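Asker: Dropping the structure in here first, questions after.
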Amino acid sequence: AFEPTPSHAFLVMLQRKGLLRTVFTQNIDGLEGIAGIDRDKVVQAHGSFDTAHCTGCKKVYDSQLVEAAVFDGSVAHCEE
């Protein structure tokens with residue numbers, strides 16, 4: 001339900017002009033990528049819903065499953 005803001009558009013404009021070095025964000029919504037900011041320019045301080053993996057065995061999971069668990073108030077567990 002979230003969409004990029006005018007601030008995201010400003011960052012995209014800076015990127016197009018070659019002035020954007022890095023974007024540091026605490027948001028986990030991935031709006032920077034949706035807005036068009038290159039992934040290699042974004043540092044996500046708290047992670048995001050873009051990727052999901054087990055911190056123990058590193059098995060990759062569908063990030064939508066983890067996102068659903070977070071918004072459900074439950075805890076996602078590794079199947080391994």
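The values are calculated or read from the model by the stated rules, or taken from the named source; none is laboratory data. Predicted, not measured: the structure shown is a model, and the values here were computed from it. Cβ atoms come from the backbone with ideal geometry, glycine included; neighbour counts cover every protein chain shown. Protein only, heavy atoms only, side chains kept; ligands, DNA and RNA dropped before computing areas. Shrake-Rupley method; radii C 1.70, N 1.55, O 1.52, S 1.80 Å.
Asker: Can you list residues whose amide H is under 5 Å from residue 53's amide H, if they're 5+ apart or on another chain and H is modeled 1.01 Å from N?
Answerer: Counting only residues 5 or more places away or on other chains, the set is 61.
Asker: Show the residues, 5+ positions off or on another chain, whose built amide H is closer than 5 Å to the amide H of residue 42.
Answerer: Here the answer is 23, since their amide H atoms fall under 5 Å of that of residue 42.
Asker: On to the next question. How far, in nm, would the chain grow between residue 1 and residue 27 when pulled straight, counting 0.36 nm per residue and subtracting the alpha carbon separation?
Answerer: Length gained, residue 1 through residue 27: 7.9 nm.
Asker: Give a residue-ordered list of calculated ³J(HN,Hα) values for the stretch 46-54 (Karplus: 6.51 cos²θ - 1.76 cosθ + 1.60, θ = phi - 60°; whole Hz; x for Gly, Pro).
Answerer: Rounded to whole hertz, the list is 10, x, 7, 8, 5, 9, 8, 8, 5.
Asker: At a 1.4 Å probe, what is the % contribution of carbon and sulfur to the accessible area of the chain?
Answerer: 53
Asker: Shifting gears a bit: If I take every Cα pair under 8 Å that is 6 or more residues apart in the stretch 33-80, average their sequence separation and divide by the length, what percent do I get for the relative contact order?
Answerer: Reported relative contact order: 24 percent.
Asker: Could you work out the relative contact order of the chain, using alpha carbon pairs under 8 angstrom and six or more residues apart, expressed as a whole percent?
Answerer: 22
Asker: What label, among [x] 17, 43, 26, 13, 1; [y] 14, 22, 21, 16, 12, 8, 5, 2; [z] 18, 49, 26, 7, 0, belongs to P(r) over Cα pairs in 10 Å bins from 0, in percent computed from the structure on display?
Answerer: [x]
Asker: Now a separate question. Per residue, how much accessible area does the stretch 3-80 have with a 1.4 Å probe, in Å²?
Answerer: I get 75 Å² per residue for this part.
Asker: Next up: Using a simple spin-label model with points 7 Å from Cα along the Cα→Cβ vector, what separation in nm is obtained for residue 46 and residue 17?
Answerer: Taking the two extended label points, one gets 3.0 nm.
Asker: Rounded to the nearest 500, what is the 222 nm mean residue ellipticity of the chain from helices alone, with -39500 (n - 2.57) per DSSP H run of 4+ residues and division by all residues?
Answerer: My calculation for the chain gives -9000 deg cm²/dmol from helical runs alone.
Asker: Let me ask another. Name the residue farthest towards the positive end of the dipole of the chain from the options 48, 78, 33, assuming +1 on Cβ of Lys and Arg, -1 on Cβ of Asp and Glu, about the Cα centre.
Answerer: Comparing the listed Cα positions along the dipole, 33 ranks first.
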